[in-house]
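Below: one structure, written as C-alpha coordinates.
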Amino acid sequence: MEWTVRCHGQPDHTGYLVSITPIDAAVRAWARTWHGPVESIGCMHSLAASCAGAALPPLAGLSLRVSPQHIYHWEPSMPERLHVQVSFEFSASHRLALPDCSDAENHALFGKCSNPNGHGHNYRLDVTVATNPAVPNAVGTLEAVVDREVMSRLDHKHLNLDCPEFAGLNPSVEHIALVCRNLLQAPLRGAGLPLVCVTVWETAKTCATVQAAG
Ligand code: NI
(Lines give C-alpha, C1' and ligand atoms only; values in the text may rest on other atoms or scores of the structure.)
Protein backbone atom coordinates (compact mmCIF):
# COMPACT_ATOMS: atom_id res chain seq x y z
CA MET A 1 0.00 0.00 0.00
CA GLU A 2 1.37 3.41 -0.95
CA TRP A 3 0.03 6.86 -0.06
CA THR A 4 0.65 9.97 -2.15
CA VAL A 5 -0.01 13.34 -0.50
CA ARG A 6 -0.20 16.35 -2.83
CA CYS A 7 0.08 19.87 -1.36
CA HIS A 8 -0.13 23.18 -3.17
CA GLY A 9 1.16 26.69 -2.56
CA GLN A 10 4.19 28.87 -3.18
CA PRO A 11 7.76 28.01 -2.08
CA ASP A 12 9.15 30.24 0.68
CA HIS A 13 12.63 31.87 0.77
CA THR A 14 14.24 28.41 1.15
CA GLY A 15 12.78 27.31 -2.16
CA TYR A 16 10.71 24.67 -0.39
CA LEU A 17 6.94 24.43 -0.45
CA VAL A 18 7.25 21.83 2.30
CA SER A 19 9.84 19.33 3.40
CA ILE A 20 8.90 15.70 2.90
CA THR A 21 9.65 15.04 6.60
CA PRO A 22 6.47 16.52 8.17
CA ILE A 23 4.31 14.90 5.48
CA ASP A 24 5.89 11.54 6.16
CA ALA A 25 5.50 12.02 9.92
CA ALA A 26 1.85 13.08 9.60
CA VAL A 27 0.95 10.06 7.47
CA ARG A 28 2.80 7.61 9.73
CA ALA A 29 1.23 9.05 12.89
CA TRP A 30 -2.23 8.92 11.32
CA ALA A 31 -1.73 5.33 10.08
CA ARG A 32 -1.19 4.14 13.66
CA THR A 33 -4.61 5.48 14.64
CA TRP A 34 -6.77 4.48 11.66
CA HIS A 35 -8.37 1.08 11.96
CA GLY A 36 -11.25 1.44 9.49
CA PRO A 37 -11.35 0.49 5.82
CA VAL A 38 -8.78 2.36 3.75
CA GLU A 39 -10.75 2.30 0.48
CA SER A 40 -13.35 4.74 1.79
CA ILE A 41 -14.24 8.42 1.84
CA GLY A 42 -14.09 8.34 5.65
CA CYS A 43 -10.46 7.25 5.49
CA MET A 44 -9.61 10.10 3.15
CA HIS A 45 -11.37 12.61 5.41
CA SER A 46 -9.47 11.27 8.42
CA LEU A 47 -6.05 11.54 6.76
CA ALA A 48 -6.89 14.98 5.36
CA ALA A 49 -7.79 16.16 8.87
CA SER A 50 -4.50 14.82 10.21
CA CYS A 51 -2.59 16.61 7.46
CA ALA A 52 -4.43 19.85 8.29
CA GLY A 53 -3.57 19.38 11.97
CA ALA A 54 0.10 18.94 11.08
CA ALA A 55 0.22 22.47 9.61
CA LEU A 56 1.12 21.29 6.12
CA PRO A 57 0.40 23.50 3.10
CA PRO A 58 -3.15 23.16 1.74
CA LEU A 59 -3.93 19.68 0.54
CA ALA A 60 -4.50 19.24 -3.22
CA GLY A 61 -5.28 15.55 -3.08
CA LEU A 62 -4.61 12.10 -1.71
CA SER A 63 -3.96 8.90 -3.63
CA LEU A 64 -3.80 5.38 -2.27
CA ARG A 65 -2.24 2.64 -4.37
CA VAL A 66 -3.56 -0.64 -3.03
CA SER A 67 -1.99 -2.82 -5.75
CA PRO A 68 0.00 -2.22 -8.94
CA GLN A 69 -3.32 -2.02 -10.82
CA HIS A 70 -5.58 -0.13 -8.38
CA ILE A 71 -5.32 3.45 -7.14
CA TYR A 72 -7.92 5.46 -5.20
CA HIS A 73 -7.95 9.25 -5.67
CA TRP A 74 -9.59 11.87 -3.46
CA GLU A 75 -9.53 15.68 -3.61
CA PRO A 76 -10.73 18.17 -0.99
CA SER A 77 -12.43 20.13 -3.78
CA MET A 78 -14.87 17.18 -4.19
CA PRO A 79 -14.89 15.80 -0.63
CA GLU A 80 -17.76 13.36 -1.07
CA ARG A 81 -16.33 11.69 -4.18
CA LEU A 82 -13.84 8.83 -4.22
CA HIS A 83 -12.40 7.82 -7.58
CA VAL A 84 -10.77 4.50 -8.35
CA GLN A 85 -8.34 4.02 -11.21
CA VAL A 86 -7.83 0.49 -12.55
CA SER A 87 -5.09 -0.43 -15.04
CA PHE A 88 -5.43 -2.98 -17.84
CA GLU A 89 -3.12 -4.18 -20.59
CA PHE A 90 -3.83 -5.23 -24.14
CA SER A 91 -1.68 -6.07 -27.14
CA ALA A 92 -2.57 -4.81 -30.58
CA SER A 93 -1.00 -3.93 -33.90
CA HIS A 94 -1.68 -0.88 -35.98
CA ARG A 95 -0.49 1.23 -38.87
CA LEU A 96 -0.58 5.01 -38.76
CA ALA A 97 -1.69 6.22 -42.16
CA LEU A 98 -4.25 8.51 -43.77
CA PRO A 99 -6.31 6.78 -46.45
CA ASP A 100 -6.06 9.65 -48.91
CA CYS A 101 -2.26 9.74 -48.78
CA SER A 102 0.26 7.68 -50.71
CA ASP A 103 2.71 5.42 -48.89
CA ALA A 104 5.40 8.06 -49.43
CA GLU A 105 3.18 10.81 -48.02
CA ASN A 106 2.24 8.67 -45.05
CA HIS A 107 5.89 7.90 -44.44
CA ALA A 108 6.64 11.61 -44.47
CA LEU A 109 3.89 12.16 -41.88
CA PHE A 110 4.33 9.13 -39.62
CA GLY A 111 7.78 7.68 -40.37
CA LYS A 112 8.21 3.99 -39.58
CA CYS A 113 4.83 4.03 -37.85
CA SER A 114 3.34 3.94 -41.37
CA ASN A 115 5.17 0.78 -42.50
CA PRO A 116 2.52 -0.93 -44.65
CA ASN A 117 2.22 -4.15 -42.65
CA GLY A 118 1.96 -2.47 -39.24
CA HIS A 119 3.70 -3.00 -35.94
CA GLY A 120 2.67 -3.85 -32.40
CA HIS A 121 2.39 -2.31 -28.95
CA ASN A 122 1.57 -3.49 -25.47
CA TYR A 123 -0.91 -0.82 -24.48
CA ARG A 124 -1.86 0.11 -20.94
CA LEU A 125 -5.36 1.38 -20.35
CA ASP A 126 -6.13 3.28 -17.12
CA VAL A 127 -9.83 3.73 -16.42
CA THR A 128 -10.96 6.07 -13.63
CA VAL A 129 -14.51 6.01 -12.29
CA ALA A 130 -16.38 7.51 -9.36
CA THR A 131 -17.10 4.88 -6.71
CA ASN A 132 -20.69 4.43 -5.63
CA PRO A 133 -21.94 3.07 -2.29
CA ALA A 134 -24.64 1.20 -4.22
CA VAL A 135 -21.92 -0.75 -6.10
CA PRO A 136 -19.94 -2.50 -3.36
CA ASN A 137 -17.56 -4.29 -5.74
CA ALA A 138 -16.61 -1.30 -7.89
CA VAL A 139 -13.31 -2.78 -9.07
CA GLY A 140 -14.82 -6.13 -10.07
CA THR A 141 -17.71 -4.42 -11.82
CA LEU A 142 -15.33 -2.11 -13.68
CA GLU A 143 -13.12 -5.01 -14.72
CA ALA A 144 -16.09 -6.91 -16.11
CA VAL A 145 -17.23 -3.90 -18.16
CA VAL A 146 -13.73 -3.24 -19.55
CA ASP A 147 -13.28 -6.91 -20.45
CA ARG A 148 -16.60 -6.96 -22.28
CA GLU A 149 -16.46 -3.56 -23.98
CA VAL A 150 -12.74 -3.04 -24.74
CA MET A 151 -10.66 -6.19 -24.32
CA SER A 152 -12.97 -8.37 -26.37
CA ARG A 153 -12.78 -5.83 -29.20
CA LEU A 154 -9.16 -4.62 -29.19
CA ASP A 155 -6.92 -7.18 -27.46
CA HIS A 156 -4.73 -9.20 -29.87
CA LYS A 157 -6.27 -7.46 -32.87
CA HIS A 158 -4.95 -5.41 -35.76
CA LEU A 159 -6.73 -2.14 -35.07
CA ASN A 160 -6.85 -1.03 -38.72
CA LEU A 161 -7.95 -4.38 -40.15
CA ASP A 162 -9.97 -6.11 -37.42
CA CYS A 163 -11.74 -3.34 -35.52
CA PRO A 164 -14.69 -1.45 -37.05
CA GLU A 165 -14.22 1.20 -34.33
CA PHE A 166 -11.24 2.44 -36.36
CA ALA A 167 -12.87 2.44 -39.77
CA GLY A 168 -11.89 5.86 -41.11
CA LEU A 169 -10.05 6.70 -37.87
CA ASN A 170 -6.26 6.65 -37.78
CA PRO A 171 -5.41 4.48 -34.71
CA SER A 172 -3.13 6.97 -32.94
CA VAL A 173 -2.94 6.71 -29.17
CA GLU A 174 -5.21 9.76 -28.99
CA HIS A 175 -7.86 8.02 -31.09
CA ILE A 176 -7.47 4.74 -29.19
CA ALA A 177 -8.17 6.63 -25.95
CA LEU A 178 -11.18 8.29 -27.57
CA VAL A 179 -12.54 4.94 -28.77
CA CYS A 180 -12.07 3.43 -25.30
CA ARG A 181 -13.89 6.40 -23.72
CA ASN A 182 -16.74 6.01 -26.19
CA LEU A 183 -16.98 2.24 -25.64
CA LEU A 184 -16.95 2.54 -21.84
CA GLN A 185 -18.90 5.61 -20.85
CA ALA A 186 -22.49 4.40 -21.30
CA PRO A 187 -21.94 0.83 -20.01
CA LEU A 188 -20.13 2.14 -16.92
CA ARG A 189 -22.94 4.59 -16.25
CA GLY A 190 -25.37 1.71 -16.59
CA ALA A 191 -23.35 -0.26 -14.04
CA GLY A 192 -23.56 2.63 -11.57
CA LEU A 193 -19.95 3.77 -11.99
CA PRO A 194 -19.71 7.18 -13.70
CA LEU A 195 -16.60 7.45 -15.89
CA VAL A 196 -14.11 10.20 -15.03
CA CYS A 197 -11.43 9.66 -17.69
CA VAL A 198 -9.42 7.08 -19.60
CA THR A 199 -5.70 7.17 -20.30
CA VAL A 200 -4.03 4.96 -22.89
CA TRP A 201 -0.27 4.45 -22.73
CA GLU A 202 1.36 3.40 -26.00
CA THR A 203 4.88 3.42 -24.53
CA ALA A 204 6.25 4.29 -21.10
CA LYS A 205 6.65 7.87 -22.35
CA THR A 206 3.60 8.37 -24.58
CA CYS A 207 -0.01 8.51 -23.44
CA ALA A 208 -3.29 10.25 -24.14
CA THR A 209 -6.10 11.05 -21.70
CA VAL A 210 -9.73 11.63 -22.65
CA GLN A 211 -12.19 12.96 -20.09
CA ALA A 212 -15.72 11.65 -19.83
CA ALA A 213 -18.12 13.44 -22.14
CA GLY A 214 -20.27 16.03 -20.35
NI1 NI B 1 2.66 2.49 -33.12
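The values are calculated or read from the model by the stated rules, or taken from the named source; none is laboratory data. What you are looking at is a predicted structure, and each value in this text was computed from that prediction instead of being measured. Methodologically, a virtual Cβ is constructed for each residue, glycine included, from the backbone with ideal geometry; neighbour enumeration extends over all protein chains shown. These area figures cover heavy atoms from the full protein model, side chains too; ligands, DNA and RNA do not enter into them. Shrake-Rupley method; radii C 1.70, N 1.55, O 1.52, S 1.80 Å.
Tell me, what is the per residue accessible area of the stretch 84-211 in Å², probe radius 1.4 Å?
Details: 6290 Å² over 128 residues.
Ligands and nucleic acids excluded, the result is 49 Å² per residue.
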Using every pair of alpha-carbon atoms in the stretch 2-74, split the distances into 10 Å bins beginning at 0 and state the percent of pairs per bin, rounded to integers.
18, 53, 24, 5
I want to verify the translational diffusion coefficient of the chain in µm²/s; compute it with Stokes-Einstein, Rh as the Kirkwood radius over Cα pairs, at 20 °C and 1.002 mPa s.
110
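Leaving out ligands, DNA and RNA, and with a 1.4 Å probe, what % of the accessible surface on the chain is carbon or sulfur?
55
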Solvent-accessible area per residue, Å², over the stretch 1-60 with all protein chains present [probe radius 1.4 Å]
64
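Given 25 °C and 0.890 mPa s, compute D for the stretch 63-119 with the Stokes-Einstein relation, Rh being the Kirkwood radius over Cα pairs; round to the nearest whole µm²/s.
165
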So for the stretch 137-214, averaging the separation of alpha carbon pairs under 8 Å that are six or more residues apart and normalising by length, what relative contact order in percent results?
27
Under 8 Å for C-alpha pairs, at least 6 residues apart: give me the relative contact order for the chain, rounded to a whole percent.
17
Out of the chymotrypsin sites (Phe, Trp or Tyr not before Pro) in the stretch 1-67, which ones are loop residues according to DSSP with at most 14 other C-beta atoms within 10 Å?
TYR16, TRP34
Before anything else, pin down the relative contact order of the stretch 2-74: Cα pairs under 8 Å, at least 6 apart, normalised by residue count, whole percent.
43
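I need the GluC sites (Glu not before Pro) found in the stretch 54-149, filtered to DSSP loop residues with at most 13 other beta carbons within 10 Å of theirs.
Those satisfying the criteria are GLU80.
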Using R₀ = 41 Å, calculate the FRET efficiency as 1/(1 + (r/R₀)^6) where r is the Cβ-Cβ separation of ILE41 and MET151; round to 0.05.
0.85
For MET78 and ASN137 in one chain, what is 0.36 nm times their gap in residues minus the Cα-Cα distance, to one decimal in nm?
19.1 nm
Summed residue charge, Cβ within 11 Å of ARG124's Cβ, Lys/Arg positive, Asp/Glu negative
-3
Computed ³J(HN,Hα) along the stretch 17-26: with the Karplus parameters 6.51/-1.76/1.60, θ = phi - 60°, integer Hz and x for glycine or proline, the list is 7, 7, 6, 5, 4, x, 5, 4, 5, 5
As a test of the formula, what do you get for the chain when each DSSP H run with n ≥ 4 contributes -39,500 (n - 2.57) and the sum is divided by the residue count, at 222 nm and rounded to the nearest 500 deg cm²/dmol?
-9000 deg cm²/dmol
Could you check which residue among HIS13, HIS156, HIS121 shows the biggest mean-square fluctuation in a GNM of the chain with a 10 Å Cα cutoff?
HIS13
Let's see if you can work this out: charge +1 on each Lys and Arg Cβ, -1 on each Asp and Glu Cβ, no other charges. What is the dipole magnitude of the chain about its Cα centre, in debye to the nearest 20?
380
Max mean-square fluctuation residue, GNM over the chain, Cα-Cα springs under 10 Å, options ALA49, ALA138, ALA97
ALA49
